[in-house]
1. Would you mind calculating the gained length between Gln83 and Gln143 on full extension (0.36 nm times residue separation, minus the Cα-Cα distance), in nm to one decimal?
2. Quick one: net charge around Gly12, please, counting Lys, Arg +1 and Asp, Glu -1 for every other residue with C-beta under 10 Å from its C-beta.
3. Determine, for Arg180, Arg144, Arg394, Arg104, the number of other Cβ atoms within 10 Å of each Cβ, and report the residues in order from fewest to most.
4. Describe numerically, in nm with one decimal, the distance between label points set 7 Å from Cα along Cα→Cβ at Arg370 and at Glu402.
5. Asp236 label point, 7 Å along Cα→Cβ, cut-off 18 Å on backbone N: hits in segment 1-37?
6. In whole Å, what is the distance between the alpha-carbon centres of segment 209-224 and segment 65-128?
7. Want the number for Arg13 to Glu224: 0.36 nm per residue separation, take away the alpha-carbon distance, what's left?
8. Longer than 26 Å from Cα to Cα, which of Lys81/Lys378; Lys8/Lys53; Lys81/Lys367 are they? Say none if no pair is.
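Computed from the coordinates by the stated procedures, all read-outs in this text should not be read as laboratory data. What you are looking at is a predicted structure, and each value in this text was computed from that prediction instead of being measured. Here Cβ is always computed from backbone atoms with ideal geometry, including for glycine, and neighbour counts include all displayed protein chains.
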Amino acid sequence: MRVSVGVKSDVGRLRQANEDSFLVLEPLFAVADGMGGHIAGDVASSTAVDRIKESSARASASDPETLAQLVRDANTAIWEKSQSDPSLRGMGTTCTLLFVDDTRARIAHVGDSRAYLFRDGRLEQLTEDHTLVQRMVREGRLQREEAVHHPQRSIITRALGVDPEVSVDLVDVDLDAGDRVLLCSDGLSSMIDEASIEEILGSQRDPQAAADRLIDRANDAGGEDNITVVVIEVLDGGSATGMAETQNPVAQNDAVVTEGAPPPPPEPEPQRIDTPPEVPEVHVVGRRRRGKGSGIRWRLIFSLVLVVVLLAGGYVGTRWMLGNSYYVSANESGQLSIFSGVPEEVFGFTFQEIEETSGTSIDDLPKFKRAEVREGIKGEDLDAAQTTLSNLERLAADFQRESDNRPEQEPKRDRDNNRKSRNN
Ligand code: CA
C-alpha cells in the first residue's frame, strides 16, 4: 500500500521544551507524548520511539501480537532507564503506534495520544484514551462534551514506563484508497475540536499542508501543550511495489526516517520569583583576617556594613518570597499541604513554611500526579493554591473510587476484547 505522509511537531505557545516524539518509518508510524517534568518527559518519549525503531529492525510488526510487543519493549526500556537514574524516576509516555499493511491499519496504543480515521469527510476516533475522564464518560458519570474541558482531563491512567508491565490496546481497521489516518498528541486534540480537525483534513489536499495547518490551528487556539501530528494518506490499495516496500521496512527505508521532536531550545529555568539579594558572602569576612595597614579597619567596617545590608536584604527577600508565593506539595509524612515560599533551593537555602495540611495523602493520587506534586504545583496566590489542593483532593477521591471499582489489572481482556474492527 502506497501512502503519503505529512508530519510536524511543535513546542506550542506555552511550554519551553517539546516532550513529544514521533516516528515515521514506513510502514510504522508513532506518536509518543512524554511526561515527568524537566527533561524526563523528553527522555521517556524518545526512548519509546528509539526502542520501537530498534525492535522493529529485528521483527516485522505485521501481526498484532508483534506490534503490541514493540510497545511492551518500549515500556521495558523506559522502566529500566527510570530505575537506574533517580532524576528520571516516575517518567512516562503515551504511545500510539500504527502499522499500515496492504489492506489494514493496525494500532497498538497506550495513553491519551490518539489515532483517527478520516474517511469520506468524516472523522472517527479509533483509539480510546486511557484517561480518568474517559473512564468517567464510559461509566456515564461525565458527558463527553464535559470531558473536553475537564480540569483533570490530562490525568492518564495508563502510560509506558511507570510499571514493569503494561497492558496494550490493539485496534484494527480496514483501509481504502483516499483514507487518512491521523496520529496526534493531546496538544492537538485538547486544543481544537473534532469538527476543526475534520474541516482541515477535508480541505487540505496535501498531507503535509494538513499537518502544518493542524499545528497552526492548535497554536491559534492557545498552543497550551506540545503538539505533534502525523497524517498518513492511503494513495492506493497494495500495489506490487507497495508490498515489496513493506516486506522489509527498516532495511530499505532507514534513509527516510524522521524521528523525534526537533531538539528543544536550551531550556531556561522558569523564573517565577525575583532573584533574592545574595546572602552567603558572610563567611568570606571571617577569613580575610590577614590584611595589614591602616586601610584594613575601614575595609573591615565596610565589609560589616555590607554584610548587615545583605542580611537585611536577604531577610526582606525571604519574607517577600514566603508571603508572595504558594505551592502545593506533600509534607514530610506525605500529606498534601499548601506551602508558602518556593519549592526550589535558592543559593542552597530553602524558603518555605506550611500554611495548610490536608487529610489526603500523596499516595492516594494517580502516579503521574504524584511526581508533579512532589515537585510542587505553584499557585499565583493562596486562593489558587487552595483551589489546586481541593482539585487534588477530589482527584484522589475519584482515583480511589476508580481503583476500588476496577476489576483487577485487566491486561488479557484489553488485549483480546478491546480490538476494534471495521469491515466494509
Ligand atoms: Ca501532551
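1. 17.8 nm
2. Once positives and negatives cancel, what remains is -2.
3. Arg144, Arg394, Arg104, Arg180
4. For the pair Arg370/Glu402, the computed spacing is 1.5 nm.
5. Residues 1-5 qualify, since their backbone N sits under 18 Å from the label point.
6. Measuring centre to centre over Cα atoms gives 22 Å.
7. My answer for the length gained is 75.4 nm.
8. In this structure, Lys81/Lys378 exceed 26 Å between Cα atoms.
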